[in-house]
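Written below as structure tokens is the structure these notes are about.
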Amino acid sequence: MRPLQRKLLRDLWRLKAQVLTIALVVASGVGGFIGSLSTHASLVSLRDAYYDSARFGHVFVAARRAPQRLEAAIRAIPGVVDVETTIAGNVMVTLPDTVESMTGRVVALPERGTPRINRVFLRSGRWLEPDDAHGVLVNEAFARARHLEPGSRVTLLVNGRFESLEVRGVALSPEYVFAAAHGGFADDTRFGVFWLSHAKLAAAYDMEGAFNSAALRLARGASVPRVIAALDRLLAAYGSRGTYAREDQPSNRALSQEIGEQQVFGTVLPAVFLAVAIFLLNVLLARHIATERLQIAALKALGYANRSIGLHYLALSLVIVGLGTLIGLGVGALLGQWMTQLYTGYFFFPVHAWHVEPWILAVAIGVAVLGAVGAAAGAVRAVVRLPPAEAMHPPAPAHFRRTLLERLHLGRLLPDEARMILRELERRKLRTALTVVGVASSVAIVIAGTWWGDAFDRLIDIELHRRERADVIVALTEAETPAALHAAARLPGVLAAEGSRDVPVRLRNGPYQYRTNVTGLAADARLRPMLDADLKPLLLVEGALLLTDRLARRLHVRPGDALWVEPLEGTGQPRLVPVALETGDLMGMRAYMTRRDAAALAGDSDNVNGIRLRIDRNRLGEFYERARSIPVFASIGDKVLMVRHFRATSRRNLLVFTGVLSAFAACIAVGVVYNSARIALAEHAWELASLRVLGFTRGEVSWILLGQVGLQILVAIPIGCLLGYGLAALLAELIHGEEFRIPLVILPRTYAFAILVMLGAALASAAIVRRRIDRLNLVAALKTRE
Amino acid sequence: MSGWAILPVDGAAHARGRRTATEIRVTAEPVFVARELRKIYRAGEVEVHALRGVSFEICRSEFVVLLGPSGSGKSTLLNILGGLDTASSGEVRWRNHDLVHATEQELTRYRREHVGFVFQFYNLIPSLTARENVELVTDLVPRAMRPEEALGLVGLEGRLDHFPAQLSGGEQQRVAIARAIAKRPECLLCDEPTGALDIDTGRLVLEAIGRVNRELGTTTLVITHNAVISRMADRIMRLADGRIAEISVNPEKLAPAELHW
Ligand SMILES: Nc1ncnc2c1ncn2[C@@H]1O[C@H](COP(=O)(O)OP(=O)(O)O)[C@@H](O)[C@H]1O
Ligand SMILES: [Mg+2]
């Protein structure tokens, strides 16, 4: 081994604690990057493989009742490769010994086995026999949540008739990866998908020789908009409920949004980690080179070229980063496998193979190496600039000057130790600044990992308490006259009832269009008030639209502009409607009108298809008892259960996320604090030893050193809180999908938690350094003048 | 020593009329030649004239001691001769190498191939053992001694695997000398090699330097504050305020053991 290589190894060993802490920060970045991106890539390819093997549709269409012969016409649309029609509907679900109301979707299965499009995978049990009128297949998520297995019984309210059925099998479908009631949260425990025999459903919905739902597969390169336009024309006469592409398919949309988040987390946070690691390395190397000035000059004097000495220090940086990268590769692989498994379980993908694409590894390694080079660049430059004649000089005493405080004549107020601390910090302005930034970033990262809880609480508060004041939301199977509303109001326990009218529409502004529901409400709706982004009430006026602000932006309209509103259901005509105001809904992209306007769009006068109820919670059981048997009630949504479920699922995901990030951030905190304390100790060993010889106690000496570190942390904490706020804002901005916006709310408890994590890491580091100070060998320290 | 030559010397020393030397004998083959050498350091507004026109020749195998008060320019001169620094004006050559106009790379090559340095503060690499510190140099050049041999020359054959922190100051300095001579340099430049050492240790170090000069025929320049050391030298060059005050020939060269402090 060459002597310089040996020196490298021994230096690494001597600096091992610092090397390891920095390597761990690098590992956090690399691991987070590889973990998140490989999870993302794995989920994307698992999803695509699943979609492929299940022959998931490219275009979907729903109609009130279309004759079977239309299938041939659909098949003839250019670009359509295959079409499959079926019958589907929304149902109420009752399980033995379960009081709460659940909803579900029933889908007709072909005579034998699985559909050709949107193939159903049987996970356990068996398929339905062609004439099985009492059997049903249940989706796996619901089956798990409700402990259903072949042989269990369920009761479905199908089109006004109770059907008592026996579970024959448990199945998966690509159409219901995210099973969700229309417009609600995905809630596996309260929404099930049920496959029944075609004959059975055809009879129940009176659909012999007809269908109300179809899925299409298109040829590669076929124009989706053109196919959709052709379908709309074909089905217009049969009560089309709209046609949508795979991108807009609800389950796929939610799935893709969730998968997409991985990419944001996988890039933003690792970038922060890497930046911190580079900073730490940079400081370590600068300090290392400062202590080795004379050695470097001597090497130059002995005839070593700049290049070989520069490479020596670059190698130090590369080894540290390389070690971190290596650990990061392992951490990333574990994290990726773990998260992929977590998510595939959550999505009920039939297979869950994790894989990592070579480009992800290449980018991780490449960025880490660049970082190492970047961190070493300053140090190497200093090496090159160092004149070899320096080797002949004795080490020069550092330049000090009176600190700002002293220049302001406040110095006398400070004790000696404090003056020493301040002078030192001021002299090493850059390093002090960098340490502060490092500590601040770890505070920021903890905040970025934990604020989601605050945001979700706020989201629930705004969307499910302030905007949604009803206790129960009932969806009707069909639009009914207001008499249904009055009937609902007379149910036991009901304190107030308000009707609404949802009409599926396409909104169009020139080239921009979007499919959504227009919700028609009473102008003075109290159970569903219109609120703007600042929660100030808005007024619904006749003849005008209110849009969710995000939808307005998507459609490029502002209040005062007009939009074409095309009803996708009923007999109404498209009309040009002015946009009055924007609402600040955090979830969904919706349009609102008065109920009368919405009804007019659909072609009737003032019918309702949704009812909001306030209920005396003490009489809830009584209410359900009666409500469940009302045939026109397609589903009954209970807000309390909705909130509880939302909390539970978001908390489950959050805890994982918060835990991982806090651990990473603690690595950074320890890395920064420990390193800066160690560096300060190394630089001052001589001085501190001298002070000890002069009679200072260990405590006093420690205070001088740790005081420096403590002061930096104190300064860093508020900066970290600000940075955390910024990072949270960045994440919220990057992650907000079309479907929701995350409110930027960070509660004091989150700041407090971040600060505590930081202080914990700082105390741990300080304790280690304090032990070193206590064991400071006076003789050795006085001998090694650096 | 054979055939001494005449060396011109600057006027100041001449005027002071001490034993100077219009007729100083030097070996026939000058290896270092300096003419009107000047070095100006600029530190912001201030200019420091470290060398104000220095001319001399040093011959092969000569042992020259540089004396002079602190700040007189000794280190500056040694650094320029060793290729650690470049002159502001004038000429210096090592054989046919122009040291004034050389590039950084040429100077590195020159140091690597021809010069051995001994520093006042030893400048050993603390994380390398004595043997490895010497290897640093033997690794760089062909025809180098084995590290053990070089350390043997300075009497440290028993301390091969000790780290600098495990050696006394004198031992560290002797390692530095071994490191400097291991590549069999043509010239050995030492800046106050005994400055940080006590008398007896200093003597050991000087013995090592003298031995190298005698046995390997290495041209040797030693800076010192200690006039006694000069009795080991062939010639003594005194600097004062950036000029050569005097160059004198040592009538009888003493061995280090015979020196009295
Ligand atoms: N790097 C430098 N920058 C500025 N001035 C210097 C530098 N090195 C030496 N000097 C100045 O040059 C003069 C000669 O210094 P030096 O050669 O080190 O003297 P000596 O070795 O004889 O004590 C001194 O006045 C010193 O202050
Ligand atoms: Mg000097």
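Just so it is clear, none of the values below were taken in a lab; they were calculated from the coordinates. None of the values given here were measured: they were computed from a predicted structure. Here Cβ is always computed from backbone atoms with ideal geometry, including for glycine, and neighbour counts include all displayed protein chains.
Descriptive notes on the structure:
- Positive-pole candidate from A:655, A:674, A:367, dipole of chain A, charges at beta carbon: A:674
- Each label point was placed 7 Å from the Cα along the Cα-to-Cβ direction; for residue A:199 and residue A:605 their separation is 4.5 nm.
- Folded to 0 to 90 degrees: helix A:748-774 orientation relative to chain A principal axis, Cα: 30
- Stokes-Einstein D for region A:613-754, Kirkwood Rh over Cα pairs, 4 °C, 1.567 mPa s (µm²/s): 62
- Spin-label pair residue A:206-residue A:166: with each label point 7 Å from Cα along the Cα-Cβ axis, the two points sit 3.1 nm from one another.
- Inter-probe distance in nm under a simple model that places probes 7 Å from Cα toward Cβ, at residue B:103 and residue A:744: 5.4
- Only helical runs count toward this figure. For chain B, summing -39,500 (n - 2.57) over DSSP H runs of n ≥ 4 and dividing by all residues gives -8000 deg cm²/dmol at 222 nm.
- Pairs of alpha carbons in region A:1-160 separated by more than 27 Å make up 54% of all such pairs.
- A dipole drawn for region A:56-253 from +1 and -1 charges on Cβ atoms has a positive end, and of A:169, A:240, A:251 the residue lying farthest that way is A:240.
- Of the trypsin sites (Lys or Arg not before Pro) in region A:205-253, the ones in a loop by DSSP (not H, G, I, E or B) with at most 15 other beta carbons within 10 Å are A:220.
- Across chain A, C-alpha contacts under 8 Å between residues 6 or more apart give a mean separation that, scaled by the residue count, equals a relative contact order of 18 percent.
- Quarter of the Cα convex hull surface for region B:21-253, i.e. its orientation-mean projected area (nm²): 12.9
- Calculated from the alpha-carbon coordinates, region A:495-592 shows an Rg and a Dmax of 12.9, 46 Å respectively.
- Ranked by how many other Cβ atoms sit within 10 Å of their own Cβ, fewest first, the residues A:476, A:759 fall in the order A:759, A:476.
- Order of B:183, A:536, B:253 - criterion: other Cβ atoms within 10 Å of each residue's Cβ, fewest first: A:536, B:253, B:183
- Restraint check, B:39/B:183; A:7/A:429; A:7/B:183; A:300/B:74, Cα-Cα greater than 22 Å: B:39/B:183; A:7/A:429
- Alpha-carbon geometry of region A:56-253: the Rg and the Dmax are 16.4, 52 Å, given in that order.
- Between helix B:104-114 and chain B: long-axis angle, C-alpha atoms, 0 to 90°, nearest 10: 70
- Mean-position separation - Cα centroids, region A:351-376 and region B:120-171, in angstrom: 42
- Rounded tilt (10° steps) of B:199-216 against the dominant C-alpha axis of chain B: 80
- Using the alpha carbons alone, the radius of gyration of region A:304-399 stands to its Kirkwood radius in an Rg to Rh ratio of 1.29.
- Fraction of the pair-distance distribution of region A:263-362 above 19 Å, Cα-Cα pairs, percent: 60
- Within chain B, the longest segment free of exposed loop sites, counting GluC sites (Glu not before Pro) that fall outside DSSP classes H, G, I, E and B and have at most 13 other Cβ atoms within 10 Å, spans B:46-251.
- Share, in percent, of DSSP beta bridges within chain B that are antiparallel, nearest 5: 60
- Computed about its Cα centre, the charge dipole of chain A is approximately 3320 debye, with only Lys, Arg, Asp and Glu carrying charge at their Cβ.
- Dimensionless Rg ratio for the protein assembly as shown, taking C-alpha atoms and the 2.2 N^0.38 Å reference: 1.38
- Under 14 Å from the Cα of residue A:16 - aspartates and glutamates, other chains or at least 8 residues apart: none
- Kirkwood-type hydrodynamic radius, region A:188-293: 20.0 Å, calculated from all non-identical alpha-carbon pairs.
- For A:187, A:774, A:248, order by how many other beta-carbon atoms lie within 10 Å, fewest first: A:774, A:248, A:187
- Helix-derived mean residue ellipticity, 222 nm - over chain A, DSSP H n ≥ 4, -39500 (n - 2.57), to 500: -17500 deg cm²/dmol
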